[in-house]
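To keep things clear, I will list the structure first and then write my remarks on it.
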């Protein structure tokens, strides 16, 4: 079996796994952050856990770019830059912005996220930098790229602004507080909304199935988690804004 045939099988399985994950997360919240069990065994400090589990997204994508046939090409380099704008921050900077008292990450969560990032980086990077038909500079003026890059930028800005508001919260004795300001006025999880929009933009800008699969995975993970956050907030804060939606302003 050729690499392309193996790639196609892996991609199909990846799409099925995204759907299965979405169904499973309707019934159980991934056990990290506020949904982690107190005193969980076999856990890593949050900072080092985040750095480890996100690292394949940076290292793997760089290796695939440098070893791919599209290395040095303008379009491939722009795609790499978009990817790294998010993941260099998420991998190398975000962990050290976490509060020192952030809950440790269970090893099972770190291991599963590490594995996810390996597969996801391979599917996106191998396709864009080696297997996909070459694209010339004209692609950067295509409406799909321009619209996708704009969505990516908007989603990134929303995600980072929401993270800034969350980091600035006074924690108090309960460890969490109700966030206000920005899109928190309308939804409980604008950071998740921003990430979903960002990777939808990535899928549009790159116009390929591996990127679309990543966008689906992002929604499959974060849509149920936003609903879990909404229930968590309402259970713990009697004054939580009743009209605030989980993820989409005025809708859901």
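Rule-based calculations on the coordinates, nothing more; no lab input. What you are looking at is a predicted structure, and each value in this text was computed from that prediction instead of being measured. Positions of Cβ are generated from backbone atoms using ideal geometry, with glycine treated the same way; all protein chains shown enter the neighbour counts.
Listed values, structure above:
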quantity: Between segment 210-238 and segment 19-81, the Cα center-to-center distance that results, in Å; calculated: 16
quantity: Answer label for semi-axes √(5λ) of the Cα gyration tensor in Å (calculated), chosen among (i) 26, 23, 18; (ii) 32, 20, 17; (iii) 28, 19, 19; calculated: (ii)
quantity: Neighbour-count order for 214, 27, fewest beta carbons within 10 angstrom listed first; calculated: 27, 214
quantity: Angle in degrees between helix 3-24 and the longest Cα principal axis of the chain, rounded to the nearest 10; calculated: 20
quantity: Contact order normalised by residue count of the chain, Cα under 8 Å, 6+ apart, percent; calculated: 23
quantity: Gyration tensor verdict on segment 3-90 (Cα atoms; rounded if a/c is under 1.5, prolate if a/b is larger than b/c, oblate otherwise); calculated: oblate
quantity: Value of [θ]222 nm, deg cm²/dmol, for the chain, DSSP H segments ≥ 4, -39500 (n - 2.57) each, nearest 500; calculated: -20500 deg cm²/dmol
quantity: Acute angle (nearest 10 degrees) that the helix 143-167 long axis makes with the longest principal axis of the chain, alpha-carbon atoms; calculated: 30
quantity: Where a label projected 7 Å from the Cα of residue 93 along Cα→Cβ would reach, residues of segment 187-204 with amide N under 19 Å; calculated: 191-192, 194-196, 198-199
quantity: Highest-MSF residue in the chain out of 132, 20, 238 [GNM, Cα springs under 10 Å]; calculated: 238
quantity: R0 of 41 Å, Cβ-Cβ distance residue 235-residue 71: FRET efficiency to nearest 0.05; calculated: 0.20
quantity: Helix 46-67 vs. the chain, principal-axis angle (Cα, 0 to 90°, nearest 10); calculated: 10
quantity: Whole-number percent relative contact order across segment 174-252, with pairs defined as alpha carbons under 8 Å at least 6 apart; calculated: 43
